[in-house]
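Read through the structure below, which is laid out as structure tokens, and then see the notes.
Each reported figure results from applying straightforward, stated rules to the coordinates on display, with no laboratory input. Note that the structure is predicted; figures quoted are calculated from it, not measured. Cβ: placed from backbone, ideal geometry, glycine included. Neighbour counts: every protein chain shown.
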Amino acid sequence: MVQLSPTPTPAPARLSHLQRLEAESIHILREVAAESANPVMLYSIGKDSAVMLHLAVKAFYPARPPFPLLHIDTGWKFRDMIAFRDRMAADLDFRLIVHTNSAGAARGINPFDHGSSLYTAIMKTEALKEALSLHGFDAAFGGARRDEEKSRAKERIFSFRSASHAWDPKTQRPELWNLYNTRVRPGESIRVFPLSNWTELDIWQYIQAERIPIVPLYYAAERPVVWRDGQMIMVDDARLPLSPGEVPELRKVRFRTLGCYPLTAAVDSDADTLEAIVAEMRVARTSERAGRLIDHDEAASMEKKKREGYF
Amino acid sequence: MRAAPSPDLVASDTKGLLRFLTCGSVDDGKSTLIGRLLYDTKLLLDDQVAALARDSKKFGTAGDDLDFALLVDGLAAEREQGITIDVAYRFFATERRKFIVADTPGHEQYTRNMATGASNSDLAILLVDARHGLLPQTRRHSFIVSLLGIRHVVLAVNKIDLVDFSQATFDAIVADYRAMAAGLGFETVHALPLSARHGDNVLAPSPRTPWYDGPGLLPYLEEIEVDRAESAPFRMPVQWVNRPNLDFRGFSGSIVGGRVQPGDRIVVARTGHVSRVKSIVTADGELAEAGAGQAVTLTLEDEIDVSRGDLLAAADARPELADQFAAHVIWMHEDPLAPGRPLLLKIGTRTVGASINAVRNRIDIDSFAPQPARSLALNEVGEVHIGLRDAVPFDPYASCQGTGAFILIDRHTNQTVGAGMVRAGLRRATNIHWQDLKVSKTARAALNHQKPVVLWFTGLSGAGKSTIATLVEKKLHAASRHTYVLDGDNVRHGLNKDLGFTDADRVENIRRVAEVAKLFADAGLIVIVSFISPFRTERGFARDLLGPREFVEIYVDTPIEVAEARDAKGLYRKAREGLIKNFTGIDSAYEPPLAPELRLSGGTRSAEDLADEVIAYLGENGYLERAEDLDWTI
């Protein structure tokens, strides 16, 4: 943990945009901790989760954040992600809950044989709802940002969910000032998005400024990849089916976004430092979700998933 | 994690943040403008442009061009119906500033959505179609923007290309707007001619409007200074008590007004406890100073009672404290606001039981004029009087948004049903602060097992006021209620013996009576006031002083012929003979109440019957319930 510095730091004349975003996120984290009976932080191991976790540590300093971390493990995360997750939870002394839809796993649900839609519904959405109900969490932090996708742009910071975890864009509560209505009845819950107003570039600048640890997959390195539908998929383990004669090719790649490995595409890059990543971001001409295969499933796909209970 | 802010955070200090909203109907080109800003600042990425080109062909209204409006109309229902149904947030940045744009729709739900977008904005861009000039909705949007406290407006006269870049058209619209917005309290109104579709005056001044000598829209937005919370006195609602171990006790919260340094004297507004700031703790180390917008943790020199919901404030510039206030409310629910409905009010970090005591008016957002009203429907704005279960500290919204804004929550459905802005506290002297713990009115009334109220009898001399008042007191006394009568006999001969019967003295007479009645009510008594009190203004003063739930106006409506025929004290005869001047009903006016809580037909029924009528009214309206039976709990 951070030690109090001996000499107080003078206040800057005006807050930078990162400082204002940080303050807003901390306010949101504290508000939930104070008002919700049983909050949890969804930890997906990616860069947004890394920032959210870092903000949680700052929000409650010198105390520890008063909630556990929940990771929905589909069984198809990159091996580097799982190792990183366990290291972070241990380093920061968080209680980590890992939940897998065991019924889905027992049926062998996977993205290759069942398609990304069904796989996502069962191993992510259903698993998440199952875990929230099992532990009785009435508030769950998620790292979603409004700049990611069009239906996200309209989501509240405090997103109310019915007892069946459904999101109805028409019954969302008006959200004025920083006065958040956190009240729920038994069984109902809220999803809370402290990073709503951050952009992808903000995230990277903040990671750089605060030196926040991130999964090594974000840094460019030689990795074995194969081509699927015009996207580069990394061969993380032997479960990725290869066509007869297909040989993974070694390329210098990195990931802008991390999900399940067969559903997340890599990009060519030489950016192997934070500085290089931020520089690459500044001139990037595609959005990060271009590398997320599940978003292309159908028109308005994110909105549909959210209505069903996806984050 | 490090012990001090990194150079990068400090270096990016020059890059501030501006939050603004855009107002105007779909046809005014609002979404097109936002799309244009994203496009011109290179924030649109290749795959987004590709998606936009695809969507433009399918849904677009801009021919073969990119339809920027599709970028911001996000939900499936909206794309199908071609309307925007909610507030969407968009982000873009230049080297100088990051921008957060609240895009709010222009159709019927606009009040609610605009208020939502405006509540977190520092500036509003009002779009006007150059072909149509000001529309009724331009007035409405300006009013809502003003109501929410936005002080900086950009009047964007859009589609200037469609009026041949006419300076005369532009000047006429700007002159109209300045005249219309004169009373709305904007600090800056910057007007510029614009073509969102073609980009004129967006990034840089357009050669096609050489007569416009100001900056482009984006450079203007990069430069304008909007900070204001810093100038307010220090205010921090406590969110969370930080107590990791027995050696550390800090109070975490976001500063909403002013600045604070170690050593500053602060007060816990609810209790009046004063202490000094010991340190400003953050994970980046202790700070020498912090200001509005920062999330910090304060430790204090003294071990005093502070909990979530408390407000820490500068000890030499304290907030007001009241359990009733007058406020503007925007009603956001389909069921109209009804006085008396049990609500929760969240102000700062405090949530407290509340009810609307009275709707004072509804504001016509076309004329900005208050209109008489008894309720507020969805999307209507009006002034209400709100009663709270406990006194809460606050500032008028105009002084400090963070301590003057509130939301209203339905107790049963948990829906957010309204949003409000405190105008002023009621009843309590606003600059007298609690000195530590005091016995409250509620506590005193509870000890008496009753609800304090002032029964204000008004009517002509000889109308029967005192006779009825005396009977009412006897009946209440018999029912073990603690009462006191204020009338001419016990006030005119003592407290007010320096006053005569001129209009000025009558006004002062009633002012003193009202103040005494308030003190007695504060003591927990049922106060019975029996004065002619001929002027509406003075009775209105008493009503405002006491608040609507504690002021019951009883008009003893006896015809002057009946009163004069009784003439128990021989006063009418003397007045007719000219021996008494300024006698009400003879040579001085009596202004009958327009909407008394109770009207008694004097002269037709006995005083005994009329007294029973008063008792019945009190019973029916909950004044005779035992205080401990009242449902004031959350």
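Below, the figures for the structure above:
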{"quantity": "Subset of A:Lys58/B:Lys15; B:Lys15/B:Lys278; B:Lys58/B:Lys159; B:Lys57/B:Lys98; B:Lys30/B:Lys98 violating a 27 Å alpha-carbon distance limit", "calculated": "B:Lys15/B:Lys278; B:Lys57/B:Lys98"}
{"quantity": "Alpha-carbon Rg/Rh ratio, for region B:481-634, with Rh computed the Kirkwood way", "calculated": "0.98"}
{"quantity": "Over chain B, relative contact order from alpha-carbon pairs under 8 Å, at least 6 apart, %", "calculated": "9 percent"}
{"quantity": "On Cα atoms only, tilt of B:536-546 relative to the major axis of chain B in degrees", "calculated": "70 degrees"}
{"quantity": "Cα-based convex hull, region B:230-314, per residue volume (Å³, whole number)", "calculated": "82 Å³"}
{"quantity": "Listed residue (A:Pro68, B:Thr209, B:Ile386) projecting farthest to the positive dipole end of the protein assembly as shown, Cβ model", "calculated": "B:Ile386"}
{"quantity": "Dipole magnitude of the protein assembly as shown about its Cα centre (Cβ charges: Lys, Arg +1; Asp, Glu -1), debye to nearest 20", "calculated": "1420 debye"}
{"quantity": "Length-normalised contact order for region B:320-425 - Cα pairs under 8 Å, 6+ apart - percent", "calculated": "39 percent"}
{"quantity": "Mean separation of Cα contacts under 8 Å, 6 or more apart, over the residue count of region B:230-314: relative contact order %", "calculated": "38 percent"}
{"quantity": "Cut-off of 10 Å, at most 12 other beta carbons, DSSP loop: longest stretch of chain B lacking such GluC sites (Glu not before Pro)", "calculated": "B:335-576"}
{"quantity": "Cα-based helix-to-principal-axis angle, B:30-40 vs chain B, degrees rounded to 10", "calculated": "40 degrees"}
{"quantity": "Helix-derived mean residue ellipticity, 222 nm - over the protein assembly as shown, DSSP H n ≥ 4, -39500 (n - 2.57), to 500", "calculated": "-8000 deg cm²/dmol"}
{"quantity": "Calculated on alpha-carbon atoms, Rg and Dmax of the protein assembly as shown in Å", "calculated": "32.6, 125"}
{"quantity": "Computed magnitude of the charge dipole of chain A (debye, nearest 20; Cβ of K, R +1, Cβ of D, E -1)", "calculated": "700 debye"}
{"quantity": "Around A:Val235: net Lys/Arg minus Asp/Glu count, Cβ-Cβ under 14 Å", "calculated": "-1"}
{"quantity": "Estimated inter-spin distance, B:Lys569 and B:Ser480, nm [label 7 Å along Cα→Cβ]", "calculated": "3.7 nm"}
{"quantity": "About the Cα centre, charge dipole magnitude for chain B (Lys/Arg +1, Asp/Glu -1 at Cβ), debye", "calculated": "1380 debye"}
{"quantity": "Using a Förster distance of 25 Å, the FRET efficiency for B:Asp316-B:Phe248 (Cβ separation, nearest 0.05)", "calculated": "0.35"}
{"quantity": "Phi-based couplings in Hz for region B:400-412 (Karplus 6.51, -1.76, 1.60; Gly and Pro marked x)", "calculated": "7, 5, x, 10, x, 9, 8, 10, 10, 10, 5, 5, 8"}
{"quantity": "Size descriptor, Kirkwood hydrodynamic radius, that averages inverse alpha-carbon separations across chain B, Å", "calculated": "28.5 Å"}
{"quantity": "Trypsin sites (Lys or Arg not before Pro) within region B:557-605: DSSP coil, no more than 14 neighbouring Cβ in 10 Å", "calculated": "B:Lys569, B:Lys581, B:Arg605"}
{"quantity": "On Cα atoms only, tilt of B:465-478 relative to the major axis of chain B in degrees", "calculated": "90 degrees"}
